[in-house]
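Everything on this sheet refers to the single structure shown next.
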Amino acid sequence: MDALTKRPQYIDAHHHLWRYNAPGEPWMTEEMSGLRRDFFAQDLEEVASTSGITGTVVIEVTRTANETLWLTSIAERHELIRGVVGWTDLTDASIESALETIASLPKLKGIRHPIHDEPDDNYVARADFNRGIAALEPFGLTYDLLIFEKHLTQTAALVDRHPNQIFILDHVAKPCIHDGTISPWRENIIELAQRQNVYCKLSGMVTEANWKSWTRQEIAPYIDVVLEAFGPQRLMFGSDWPLVTLASTYGRWLETVREAISQLSNSEQDWLLWRTATEAYWLG
């Protein structure tokens, strides 16, 4: 066991669990057939423990209240899972009442609604959605941003409307790694990072590259951009397991991140590998 896996805390800030019901989620295409099965906490613990992970944050998938209840019940029983990002309808006229109910669920830390699934590219400008975002902060709940790079400009405007809300950007806004395109993603993510209430996850990147042929050298420029833009104190590691298995093992993605941050000081690596997630999600 090396020095890194002996750290007192080592957080995977982004993974999923699900109960598979055929035919699965709409995004679960034929090429993702390996995901068409159950992924439970025991499966997570098996892969995470071999990588030295000491805590995780599980993220919603199905956009249902029942899933949020299920995830929090699992988190309550499994010490490894230290936080849950669930779902609720932020456009609901009774959003405050809904949040009052779910905010007390075990280990619930935040809410996510997948913006990149919405047909309206300006969904984040909706008045009802913004009312829902405004309701999160009094309950101490974060908001995970799941967007494509085409949403970055609108997302910056969203954040500006809610300067006291903690936002956490998933998957570095999914740049077009598969074809090597880095602009305008680079410029727009640097602009978004100027907002100090926005954190970012180093996650979901290999599935934006060629699943069979990606290399560390191909991923490195994108990691370098967010390192410069956010700094280690607003970046956190995430596996995106089990989706990461479409293009990589859990361990290979972890090693890719470790190599990319190896030039940082031990303190800076600590921030990216566990301190940032602990701070952003109030993991305690």
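No value in this document is a laboratory result; all are computed from the given coordinates. Given the structure is predicted, the values throughout are model-derived calculations rather than measurements. Using ideal geometry, Cβ is built from the backbone for each residue, glycine included, and neighbour counts are taken over all protein chains shown.
The length gained by stretching the chain between ASP121 and ALA220 to full extension, at 0.36 nm per residue less their Cα-Cα distance, is 32.8 nm. Our note on the geometry: Cα centres of segment 112-188 and segment 40-99, 20 Å apart. Calculated from the structure at hand, Kirkwood radius over Cα pairs in Å is found among [x] 21.3; [y] 19.6; [z] 18.9 as [z].
The mean sequence separation of alpha-carbon pairs under 8 Å and at least six residues apart, normalised by the residue count of segment 125-269, gives a relative contact order of 20 percent.
Per DSSP H run of n ≥ 4, the term is -39500 (n - 2.57); total these for the chain, divide by its residue number, and report the mean residue ellipticity at 222 nm rounded to 500 deg cm²/dmol.
On the way: 10 runs with 94 residues, N = 284.
Dividing the helical sum by the residues of the chain leaves -9500 deg cm²/dmol.
Once you have the Cα-Cα distance between ARG161 and TRP27, take 0.36 nm times their residue separation minus that, and quote the gain in nm to one decimal.
Working: separation 134, 0.36 × 134 = 48.24 nm, distance 3.07 nm.
Extra length from ARG161 to TRP27 when fully extended: 45.2 nm.
Of all DSSP beta bridges in segment 4-280, what percent run antiparallel (nearest 5)?
Values: 1 of 24 bridges.
For segment 4-280, the DSSP antiparallel bridge percentage is about 5.
Magnitude of the Cβ-charge dipole of the chain, K/R +1 and D/E -1, about the Cα centre, nearest 20 debye? If you can, show how the numbers build up before the last one.
Working: 25 positive and 40 negative charges, 97 e Å.
Taking the Cα centre of the chain as origin, the dipole is about 460 debye.
Converting phi to 3J(HN,Hα) with the Karplus coefficients 6.51, -1.76 and 1.60 and the offset θ = phi - 60°, segment 31-36 yields 5, 9, 4, x, 8, 7 Hz in sequence order, with x at every glycine or proline.
Listed from fewest to most Cβ neighbours within 10 Å, the set PHE129, PHE40, PHE230 follows the order PHE40, PHE129, PHE230. Computed 3J(HN,Hα) for segment 268-276, one whole-Hz value per residue from the Karplus formula 6.51 cos²θ - 1.76 cosθ + 1.60 where θ = phi - 60°, is 5, 5, 4, 4, 5, 8, 7, 5, 4, glycine and proline marked x.
A simple rule links phi to the HN-Hα coupling: the Karplus curve 6.51 cos²θ - 1.76 cosθ + 1.60 with θ = phi - 60°, which for segment 41-49 gives 4, 5, 5, 4, 4, 5, 7, 6, 5 Hz, with x for Gly and Pro. In this structure, the amide hydrogen of THR142, modeled 1.01 Å from its nitrogen in the peptide plane, lies closer than 5 angstrom to those of GLY110, ILE111, counting only residues at least 5 positions away or on a different chain.
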